[in-house]
Structures are given as C-alpha cells and as structure tokens.
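The values are calculated or read from the model by the stated rules, or taken from the named source; none is laboratory data. The model shown is predicted, which means the values in this text are computed figures rather than measured ones. With ideal geometry, Cβ positions are generated from the backbone for all residues, glycine too; neighbour counts draw on all protein chains shown. Surface areas here come from the heavy atoms of the whole protein model, side chains and all, with no ligands, DNA or RNA. Shrake-Rupley method; radii C 1.70, N 1.55, O 1.52, S 1.80 Å.
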There are 2 protein chains.
Amino acid sequence: MMRAALAEARQAEVLNEVPIGAVVVKDGQIIGRGHNMRERFQDVTYHAEMLAIMEACEKLHSWRLEDCDLYVTLEPCIMCSGAIVNARIKNVYYGASDPKAGAVDSLYHLLNDSRLNHQVNVTSGVLQGECSQMLKNFFREIRRQKKAARKKRRAKD
Amino acid sequence: MMRAALAEARQAEVLNEVPIGAVVVKDGQIIGRGHNMRERFQDVTYHAEMLAIMEACEKLHSWRLEDCDLYVTLEPCIMCSGAIVNARIKNVYYGASDPKAGAVDSLYHLLNDSRLNHQVNVTSGVLQGECSQMLKNFFREIRRQKKAARKKRRAKD
C-alpha cells in the first residue's frame, strides 16, 4: 500500500508539487487517493492526506473512517493529524519523518493523546528510504533550478 | 465580525448541524465564510474554519492568507488550528472555549508554537456568552429529542 502512496507522490512531482502521496485503505481496498496539490489549486488544505480522506468519506458516505488505514509518504502535519483523529482512522503508516512540521512523532504525538476521544496506531519508517529520497531529489532539483536562474541573471547584468 | 460568524453558525443550526460558524477577513472585508456541514456532506473536513479558509484561498488565488484574520464561534480543533498555521493567518478571534477538543488554549497552544514557521495572535472569549449559549441550546434540544424518542419507544413496547 505504501507503493500506491509513492505512486501518488510521483503524480505530485510531475505537477512540480512537493512529492507527497497518501491512500486510505479499507478491507484491503484503496478507497481514497491523494497527492499534494497545494500550489496547483492554491489551496492550503490540499495536502495528500486531506484529499485521500475526503475521497474516502465520499466513497463510504460517512465522515467516520473507522476500520480504515492511511498510508502516507511523509509524517503528517498538525492539520492532517487532526483530520486523521477526527475521522477515527485506525492505523497510520508513514514513510519519511518531518522534523520541522511532523505532528505524529517529531513535534507532537497528536495521534496518541489520551485526552482525545480517539487514538491511532502508528507505524513509522515504512519504505522510508524511497519516500525521503523522492523528497530529497525534488528539493535538490529546485535548488539546481534556482542556482541556474541566478547564474543566468548575473550573466545578463 | 463575530456577528457574521454567529450568523454562519445559525445557518448550521438550521441544517441540524452543531452550530459553529467562521469568517475570514482581509482589509475589513469578509473573503471567506463557513459553517459546520460535517453531517450534511458526511465529510470530516467540513468544519466551519476549513470551509471559510478554502473560500478565502479561492478568492485570493493564494494558499497564503497573510494579513487575514479568522473569527470563529468555537475554539478551533487540532485540524483547523493546523490549517490556520499553514495558511499563515495573522489573528484569530474565537468565542466559546472547547475544553474537550480545543487546540488553541484548552488542550494545546498550537497557534503559538515557536518551533513552527508561523505564530498567530489569539483573542479568546469574543461574544463568548452568545457563542456558547447557541451550542448549549442545540445540545439541550438534541437531548430533549432523544428523551422524547425513548419515551415513545417505551410506550410502544
């Protein structure tokens, strides 16, 4: 299932979006897919997890995604962690860690707060190498493009 | 502006949704409105704040809502707090506190985490009496309806 999330991340990459992908799974079937489309639609809520969760809700005609699992290539942020708890997702599997904004293990443990009415089982580091390599390649390419643009500008001046 | 958020909350109430409303404001103009529609659309992301933020992004053609303020009748949850930080909203004004799920003051202080790349100015308790009374009335009515239904069922048996 993380391979399906990686395939979603690749779709984001093609759109020149930060390559993050997610799928929601129930009874072994994918019922929601999403990839980051924040820039394309200029919508701050269009994270991979949010889009996968919204599609799953539509499919099940229910905002409760009990007995559903979410696979995502990067550790969810605060917003997506909140959506995961609100939807009562059972298990979350993620690939790469996000030390700057990750809210599952890095900055917070939002999926395991006993004060909330739902807790989520978390497995981290699933296909971590591939997930983080895809992000690294993307940002390296962005830096390369920026450097080339600066060089071109300097040559013009 | 909290009156406009309360008017949104009233629209949720009419739909038999938990009455929560929000508006996003820029330069004194409302650029996004939202009221809770989770049950109606069976979508876990359809909180008042999320819908107001999405509308504001669409209006500005930008996921960055810098120099925008958000007014909401109830203290935002984790998901909505994450969206507020991600969108870089400047000021948040909320009415009633949410001791069970509020992530601005009650359970967390997510809008003021110096580790994140954005912090938000928060003002709580704006028209608190009206905001919380609307919620109390709603839940009282729900309880009344449930009690009446139980009574009816017992009379049948």
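A few notes on this one:
- Residues in the stretch A:15-36 that are open to solvent by 10 Å² or more (accessible area, probe 1.4 Å), in a strand (DSSP E or B) and within 14 Å of residue A:76 (Cα to Cα): 1 in all.
- Any hit, the stretch A:52-74, residues being within 15 Å of residue A:121 (Cα to Cα), facing another protein chain (nearest Cβ under 10 Å), surrounded by 18 or more Cβ atoms within 10 Å (Cβ to Cβ) and modelled with pLDDT of 95 or more: yes
- Residues in the stretch B:109-142 that are within 14 Å of chain A (Cβ to nearest Cβ) and of a type in the set (D, E, K, R): B:113, B:115.
- Some residue of the stretch A:42-50 being assigned to a strand (DSSP E or B), more than 8 Å from every other protein chain (Cβ to nearest Cβ) and open to solvent by less than 60 Å² (accessible area, probe 1.4 Å): no
- Any hit, the stretch B:76-97, residues being under 16 Å from residue B:24 (Cβ atoms), of a type in the set (Ser, Thr, Tyr) and assigned to a helix (DSSP H, G or I): yes
- Top-ranked residue in the stretch A:1-14 [being under 21 Å from residue A:124 (Cα atoms) and of a type outside the set (A, V, I, L, M); ranked as least open to solvent (accessible area, probe 1.4 Å)]: A:8
- Count of the stretch B:75-88 residues which are more than 7 Å from chain A (Cβ to nearest Cβ) and either open to solvent by 10 Å² or more (accessible area, probe 1.4 Å) or modelled with pLDDT under 95 (or both): 1
- Search result, residues across the stretch A:87-120 that are over 15 Å from the mean Cα position of the chain (by Cα), farther than 19 Å from residue A:64 by Cβ and of a type in the set (A, V, I, L, M, F, W, C): A:107
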